[in-house]
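All of the numbers you see were taken from the coordinates with simple rules; none came from a lab. These numbers come from a predicted model, not from an experiment. Heads up, the Cβs are rebuilt from the backbone with ideal geometry, glycines too, and the neighbour counts pull from every protein chain shown.
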Amino acid sequence: MSYKKAEKIGMYLKFFILLVFGILLMAPFVWMVSVGFDRSANIAMPFPPRLFPDDASGFNFTIVFENGRLIQSYLNSAFVTVTSVMLAVSSALLAGYAFSKGKFKGKRLLFVIVLCTLMIPMEPRLIPLYKLFNSVDLLNTFWPLILPSIINGMLIFLCKQFFDQLPDTIREAAQIDGAGEFKIFFQVYAPLAGPIAATMVILSFIGSWNDFLWPLVVLSNQELHTVPLYLASFSLENGTSLGGLTMALATVSVLPIIVLYLFLQRYIIQSIALSGVKGE
Amino acid sequence: MAKDHLKVIAQPDQQVPVGSHKQRKRKVQVTWYLFLIPSFLGILLFLVYPIFESFRLSFYQSNGTIEKFIGLQNFQTVLTSQPFWNSVWNTFYIGIFQIAIAVPLGFIFASLINSTPKGKNFFKVIYFLPNVTSIVAAAMIFAFVLHPEMGIVNYALEAVGLPTSKWLSDPSSSKWAVILLAVWHWIGFIIIICLANLQAISPEMYEAAKIDGASGFQQWLFITIPNMGGTFAFLLITGWIGALQRFNEVYVLGGPSGSPARSIQTMGAFIYERGFTGFEFGIASAATYIMFMIILVFTFINLKVSKMKL
């Protein structure tokens, strides 16, 4: 009886610790929204902090939307992300499939090269890529952000792992029917790749949407700024003045992603876990 | 095995001369290379070429248009430059504390979530939430959250009687502001990875321990932790690779020079400052190569260390 009691107390204690720490983690978001609705926070941040502003108004949000730059940056980010994701996923599907089912010379070596790409950081490539896109006059366009997505070693690796689990017998059946390799891929295997494609979309979406250093280097034109670039330039310009506006801006840039995450949380968490477990 | 078996059966039926069979095989091989064209075009253009070009540039004095070969002078400039070593120090300082705090803490919370009978999914979603927001937006929020006079962190610290800090307005504490932000942002990732691997530990081991009378805590200590070696190794390696490349949040909080007083300028920020505010491409390239080597050596050491644990 007392053992059961102790277990129950332990259970409540665990739940309590998790709840307290969870609230601490969420506090910055709650405060962000609250200050965003506080017009006077542009002059002096409300202190002591309060959950509901004394003089709540949508003033800061009106300014953020009327200014228009955030909406423009959302559109830019959306365009870049969607095209990058499409390019990354289709290229990785093709390569992952070939590395899984293909029989050709140098397969192992080429796959090792793909794995090596995972080790190469962005920094040493920054200047040559900048010069490369400068030489073809593509700086301050979206091309430098989209084109390099064609190679993503992580996605190829995950995709190969996925196709490895599918049996070869389907292939052999189609081969006997005289189907070519491309036909087999598009009509037999690609339709089966839904789950891994979803994972790849999620992972490359997160990567592309949050990309910062490379866009910062190639996009000096403010009209082309993506969301992270706009946020950074606003933040560097204003420092810790204009608290209300900054928090309204942060809210509008963060909330849609949070809502999207809450809808897709199962798939997103699964994808992240997959990239970690398989990456071991 | 099954494949070979099938081939043996299929071959006698085909009744094709050996030569044309070989030709067909070659044609099939070529098709496979077509599948790889997009990826390898990308590798050549966006990975292999830049790596070599950057190596070449590190021996030149260059501003993008005029180039002059100067041998190892760029490396000498970087390796004797105080701001560079300062940025290395900052990068490692922030990285060490971020990892040393976030990994154990994340693992403990993953274990708690894993063992709580109610609200498992709720906590998982909540704890991962900071990680889905971009680090740039998070840094923007944290500039206010950590404000010495008006921020909520100092307010909370004072309310429970703990000493407050000047955070980002003082060079001696600014690195801890970045560490706090990094832990807040990264811990959800650690929890998700740990949870996935916690659930992969076979329940039979726990049952056997339970029969032997092991308490929950003993099970955690002697079954869970030893079984998580691979996970910790993964987190250590990815954590360090990320930490050594840190740029986004320090740029938002302190600009390219990592103010106050270069106290949060990381290696990435140093490279950005020299390369894209000063347009000293040669010096920046040499610095990227030194950074690249540091990352490779450090990853190698991490691999060795974590293998010893396994």
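Given springs between every Cα pair under 10 Å in a Gaussian network model of chain B, which of B:T164, B:T31, B:T116 has the largest fluctuation?
B:T31
Residues of B:121-131, mean number of Cβ from any other protein chain within 10 Å of their own Cβ, rounded to a whole number?
5
Of A:L216, B:Q245, A:A27, whose Cα points farthest to the positive end of the dipole of the protein assembly as shown (charges on the beta-carbon: +1 Lys, Arg; -1 Asp, Glu; origin at the Cα centre)?
It is B:Q245.
Sort A:D164, A:D137 so the one with the fewest other Cβ atoms within 10 Å of its own Cβ comes first.
Ranking A:D164, A:D137 by Cβ neighbours within 10 Å, fewest first, gives A:D137, A:D164.
Mind checking the mean number of beta-carbon atoms from other chains within 10 Å of the Cβ atoms in A:44-55?
The per-residue average across the peptide is 2.
Based solely on its DSSP helices, what 222 nm [θ] is calculated for chain B when runs of n ≥ 4 H residues each add -39,500 (n - 2.57) and the sum is averaged over all residues, nearest 500 deg cm²/dmol?
Rounded to the nearest 500, it is -22500 deg cm²/dmol.
Counting only other residues whose beta carbon sits under 13 Å from that of B:I192, what net charge do I get with K and R as +1, D and E as -1?
That sum, taken over residues with Cβ under 13 Å, equals +3.
Counting only pairs 8 or more residues apart or on different chains, how many lysine pairs in the stretch A:68-238 have their Cα atoms under 30 Å apart?
Taking the stretch A:68-238 as the scope, the lysine pair count is 9.
Could you work out how far apart the two model spin labels at A:V30 and A:D137 are, taking each label as a point 7 Å from the Cα in the direction of the beta carbon, and quote it in nm?
5.6 nm
Please label the shape of the stretch B:76-309 as rounded, prolate or oblate, based on the square roots a ≥ b ≥ c of the eigenvalues of the alpha-carbon gyration tensor (a/c under 1.5 means rounded; beyond that, a/b larger than b/c means prolate, else oblate).
Oblate is the answer for the stretch B:76-309, as a/c is 1.5 or above yet b/c matches or exceeds a/b.
Would you mind computing, in nm to one decimal, how far apart the modelled labels at B:F52 and B:M293 are, each placed 7 Å from Cα along Cα→Cβ?
2.1 nm
Which of rounded, prolate, oblate describes the stretch B:77-196, given a ≥ b ≥ c as roots of the alpha-carbon gyration tensor eigenvalues and a/c under 1.5 marking rounded, otherwise prolate only if a/b is larger than b/c?
Judged from the Cα gyration tensor, the stretch B:77-196 comes out oblate (a/c at least 1.5, b/c at or above a/b).
List every residue whose amide H lies under 5 Å from the amide H of B:Q61, counting only residues 5 or more places away in sequence or on a different chain, with H placed 1.01 Å from N in the peptide plane.
Correct list: B:K68, B:F69, B:I70.
Got the relative contact order for the stretch B:76-309 handy, in percent, Cα pairs under 8 Å and 6 or more residues apart?
28 percent
Return a whole-number percent for the relative contact order of chain A, with Cα pairs under 8 Å and 6 or more residues apart as the contact set.
32 percent
Pull up all non-local amide H partners of B:D170: gap of 5 or more, or a different chain, and H-to-H distance under 5 Å with H placed in the peptide plane.
Residues meeting the criterion, in which the H sits 1.01 Å from N, do not exist here.
Calculated from DSSP H runs of 4 or more alone, at -39500 (n - 2.57) each and per residue, what is the 222 nm mean residue ellipticity of chain A, nearest 500?
After summing the helix terms and dividing by the residues of chain A, the value is -23500 deg cm²/dmol.
Between A:A173 and A:A190, what length in nm is gained on full extension when 0.36 nm per residue of separation is reduced by their alpha carbon distance?
4.5 nm
State, as an integer percentage, the relative contact order of the stretch A:1-131 based on alpha-carbon contacts under 8 Å between residues 6 or more apart.
That works out to 13 percent.
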